[in-house]
Every structure is written in structure tokens, then in C-alpha cells.
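All of the numbers you see were taken from the coordinates with simple rules; none came from a lab. In this text the structure is predicted, and so the values were computed from the model without any measurement. Cβ sites come from the backbone with ideal geometry, for glycine too, and all protein chains shown count toward neighbours.
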Amino acid sequence: MINSAISSYRKSIRVIESCTNQDHINFSRNYLNNFFKHYSTPSRKNYGPFKTFFVDDFIGEMYSRLLIKLKEKEKSLKKVE
């Protein structure tokens with residue numbers, strides 16, 4: 001599973017790097033959320049209107065880094081506009 005996660009992480013980075021407009025950023029965010037859902041498990045039923053998940057620390061760190069990279073990409077696109 002770790003090798004698969006690393007491969008998916010690298011693919012996610014390529015998806016983020018290929019963004020050229022805000023629509024691409026939105027699609028990339030959806031891709032990252034799917035990455036998270038794929039490598040996590042629901043921890044219990046909904047907590048209010050929110051779902052909760054259990055995720056391994058390694059996967060959680062990768063997801064956090066991807067979100068940071070996506071925000072940086074979004075900022076760089078806004079500077080160009």
C-alpha cells in the first residue's frame with residue numbers, strides 16, 4: 001500500500017504542477033480529496049454534518065504537503081492574472 005500511495009502522491013504533484021487556471025486548481029483539489037479518501041478509512045458515523053476519517057500519519061503528511069503545494073500554485077496563478 002505504501003508504494004501505491006507514493007505513486008499516487010507523485011501523480012498528484014504532477015496534476016498540481018500542470019494547473020494553468022482556477023478551474024484546474026478546483027479539479028486538482030478534488031483529485032487531492034480523492035487521494036485522501038482512497039487511503040483513509042471512515043472512523044465513525046458523521047460528527048454533525050461532517051464525516052471523520054482515520055488516516056496513517058505518513059498519508060496525512062503527504063496530504064498536507066499536497067495541500068500546501070496546491071495553495072502555492074494557486075497563489076502563483078493569481079499573481080500572473
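Things to note:
- Translational diffusion of region 2-80 was estimated from the Stokes-Einstein equation, with Rh taken as the Kirkwood radius over Cα pairs; at 25 °C and 0.890 mPa s the coefficient is 183 µm²/s.
- Amide proton proximity set for F53, modelled H, under 5 Å, gap of 5+: S43
- Cβ-Cβ distance of F58 and Q22, R₀ of 41 Å, FRET efficiency by 1/(1 + (r/R0)^6): the value works out to about 0.85.
- Here is how the number arises for the chain: DSSP H runs of 4 or more residues each give -39500 (n - 2.57), the sum is divided by the residue count, and the result at 222 nm is -24000 deg cm²/dmol.
- Among 19-30, 63-74, sorting by the average number of other beta carbon atoms lying within 10 angstrom of each residue, highest first, gives 63-74, 19-30.
- Against the chain, whose longest principal axis is taken from its Cα atoms, helix 57-80 shows a tilt of about 20°.
- Estimated dipole of region 2-80 in Debye, rounded to 20 [Cβ of Lys and Arg +1, of Asp and Glu -1, Cα centre]: 180 debye
- Each of F50, S7, L32 was placed along the dipole of the chain (beta-carbon charges, centred on the mean Cα), and the one lying farthest toward the positive end is F50.
- Additional length obtainable on full extension of the chain from K75 to K45, 0.36 nm per residue less Cα span: 7.3 nm
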